[in-house]
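What follows is a single structure, written as structure tokens, with notes after it.
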Amino acid sequence: MDKIVFPMGNGVGLYQNNKLCVSVIDSNGDKKVFGKMIKPHKKFWDLPVIRGFTYFFKGLFLYAQSYIFQYQFDEKEDKNKSAKDAGKINFASGYIMLLAGLIVAFLFGFLALGLFPTFLFNKAFPDYLNYYFRSFMIALIRVAIVYIIMIILRFLPFMSGLYSFNGAGNGFMSGKEDTIRSRTYPLNFLNFMTNIFIFSLFMVSLIAVNINFVVNFFINLAIFLVCIPLIYEALRFITYSKHLWLKDISLITNFLVCIKPNITHEEVLMAAKMEIESFDDFEKTDRDRISMSALYAEMQTKLKTSEKFEQSDVDWIVATVLNKNRAEVKLVRSVSSKEYRDIMRACERRAKSEPLSNIFGFVEFYGLRFDVNKKVLSPRMETEILVEEAIKKIRECDLRTVLDLCTGSGAIAVTIAKYTDCKVSASDISKQALAVAQTNADKNDVKVDFILSDLFKGLKKNKKYDIIISNPPYIKSGDIEKLDIEVKKYDPRLALDGGEDGLDFYRQIVGDSPRHLSKKGWLFFEVGQGQATAVQELMQENNFDNIQIIKDYNKIERIVYGRTCK
């Protein structure tokens, strides 16, 4: 009993890690989660045969607890309804109607499953037929009637929602992608109860004890109790069996209580899962706020659907909107309706491949914040390695002057100026890029000499630098249209196009840099995938030595640097 999903009409109850979490959709369409700790049972109750009774009785208890939580939540919500809604049927009335429906269902069941099959068979077949054959046929008729009734129930709105949440539970329990078999998890609680009811009904009808009411009751109860562990062990065997045909057989009953879920059903279940895994206190979410678990579940679903899911994106969006760091976000239990809307708007833009830097207008780089827009390339995480290697060399060799070519947002130049004592200059061919870079220098309280220049052309001819660093455009011209929409649509082409082979800028910089480097000066590059060796050879041909190649976080050769021999 590691975990059980209890489907309800407007949500689910999830038992996992000795916690019961109920996740429901309220009258406003918002997802709410709440729950409690459940006292763990002893290992004795998980022994074969006994575990069937544990699953049955503890499952019933937890299912009842789930509905009690739902009732308490809906009752609280009902008390807060406006005068306009006061005349509607409240939740308690709904339970009265449900109770009345159960009574009617019991009476109907007594007639349909008890009297009608016997009456029908007595009319259709003579009395001299074998007693056990008659009992067997009556048992089959009763099971057939139950099956037909349950098929009809699938089409009722309330039951349809219930079975759809059960379908989501099956996919969660099986841990598989959305396939027919992932929705036929044999040991799901509704299927377990359905099998017990059908099988015990068949056996009671087959044995057909007819002594007196009291004796009949206790014998039939004993038959029912014997069916519980038998059904559990059979379903458990099918669930963990490697024989797929056994799972296909379980479709006979699983089909009755399972409908393919939609995204909302899966999100509601995911919210419960995340609540259990993230929090221990199960503090109830305020009615007017959206739980963080529900929010994260919805965000992940939206981003996974668009194939743009990264957990870091989710965390970054939430932290940015809430104006908190990621560590602080982990302590947040809920968000307001306005915060929810702001977060989901950003999530929807991210799902359409818009970069986070473009959505929020800034990006974090090396612990600093940089404004970005469509006029500059957003600095990537890999570029932090370039900066880190450059700072190491600056401190190791006590370098004093730095030139950043193709500065763009100014991330490299500003970061070096922030964390070293170097005098930093930076150039770019774009006036708009230099305006952004100057803003970033001002916001990070550093001084950088920004120069409008096409590489070295606008620089002073006699000016020398101890280190020149550059992350130039390195995408092949013919490959730009093949790039992810996130890059080709939102990053400026000027910052991407590196010529036919992607090496145009490296040739110019390597060829001209010796005239602008101090004696034994250093040249640092970030390069594209597969370009490191070519850039290394260019540097060797132009009298650079001590050339090093550094790999990035994905083990791709990303940084190339060397020292001029002069």
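With respect to the conditions (1) surrounded by 19 or more Cβ atoms within 10 Å (Cβ to Cβ); (2) in a helix (DSSP H, G or I); (3) at pLDDT 85 or above, residue 370 lacks only one, and its number is (2).
Rundown of residues vs (1) free of Cβ contacts under 8 Å to residues at least 40 places away in the same chain; (2) among the aliphatic types (A, V, I, L, M); (3) farther than 27 Å from residue 554 by Cα, yes/no style:
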position	(1), (2), (3)
295	no, yes, yes
349	yes, no, no
365	no, no, no
374	no, no, no
377	no, yes, no
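From the list 34, 56, the one residue that fits, being under 21 Å from the mean Cα position of the chain (by Cα), assigned by TED's automatic domain parsing to the domain that holds residue 154, surrounded by 12 or more Cβ atoms within 10 Å (Cβ to Cβ) and not charged (D, E, K, R), is 34. Please work out if residue 241 is hydroxyl-bearing (Ser, Thr, Tyr), at pLDDT below 85 and touching a helix residue (DSSP H, G or I) at 6+ places or on another chain (Cβ under 7 Å). For residue 241, the condition - hydroxyl-bearing (Ser, Thr, Tyr), at pLDDT below 85 and touching a helix residue (DSSP H, G or I) at 6+ places or on another chain (Cβ under 7 Å) - is not met. Checking each residue in the range 379-418 for being within 21 Å of residue 505 (Cβ to Cβ) and either without any contact (Cβ under 8 Å) to a residue 12 or more places away in the chain or outside the structural domain of residue 464 (by TED's automatic domain parsing) (or both) picks out only 380. Scanning the range 145-163 finds no residues that are in a helix (DSSP H, G or I), assigned by TED's automatic domain parsing to the domain that holds residue 10, among the polar types (S, T, N, Q) and under 26 Å from residue 54 (Cα atoms).
For the range 389-468, the strands (runs of 3 or more DSSP E) that sit wholly inside it and include 1 or more residues that are buried (at least 22 other Cβ atoms within 10 Å of the Cβ) are 401-405, 423-428.
Annotation: residue 23 fulfils all but one of (1) touching a residue at least 60 places away in the same chain (Cβ under 8 Å); (2) closer than 18 Å to residue 289 by Cα; (3) surrounded by fewer than 23 Cβ atoms within 10 Å (Cβ to Cβ); the unmet one is (3).
For the residues 202, 255, 192, the requirement of being of a type in the set (Phe, Trp, Tyr), crowded, with 17+ Cβ neighbours inside 10 Å, out of contact with any Ser or Thr (no Cβ under 9 Å at 6 or more places or on another chain) and under 27 Å from residue 66 (Cβ atoms) singles out 192.
Restricting attention to the range 431-462, the residues that are of a type in the set (Ser, Thr, Tyr) and touching a residue at least 60 places away in the same chain (Cβ under 8 Å) total 1. Checked against (1) out of contact with any helix residue (DSSP H, G or I) (no Cβ under 7 Å at 6 or more places or on another chain); (2) more than 26 Å from residue 143 (Cβ to Cβ); (3) without any contact (Cβ under 8 Å) to a residue 60 or more places away in the chain; (4) buried (at least 17 other Cβ atoms within 10 Å of the Cβ), residue 272 passes all but condition (3). Which residues, taken from the range 228-252, are charged (D, E, K, R) and surrounded by fewer than 15 Cβ atoms within 10 Å (Cβ to Cβ)? Matches in the range 228-252: 233, 242, 248. Of all residues in the range 219-227, none are touching a Pro at 6+ places or on another chain (Cβ under 6 Å), under 29 Å from residue 142 (Cα atoms), crowded, with 18+ Cβ neighbours inside 10 Å and not assigned by TED's automatic domain parsing to the domain that holds residue 290.
Any residue at all in the range 292-300 that is in contact with a helix residue (DSSP H, G or I) (Cβ under 9 Å, 6 or more places away or on another chain) and surrounded by fewer than 21 Cβ atoms within 10 Å (Cβ to Cβ)? Scanning the range 292-300, I find at least one residue that is in contact with a helix residue (DSSP H, G or I) (Cβ under 9 Å, 6 or more places away or on another chain) and surrounded by fewer than 21 Cβ atoms within 10 Å (Cβ to Cβ), so the answer is yes.
The values are calculated or read from the model by the stated rules, or taken from the named source; none is laboratory data. Bear in mind the structure is a predicted one, so any value in this text is a computation, not a measurement. Neighbour counts are summed over all protein chains in view; Cβ atoms, including those assigned to glycine, are modelled from backbone coordinates with ideal geometry.
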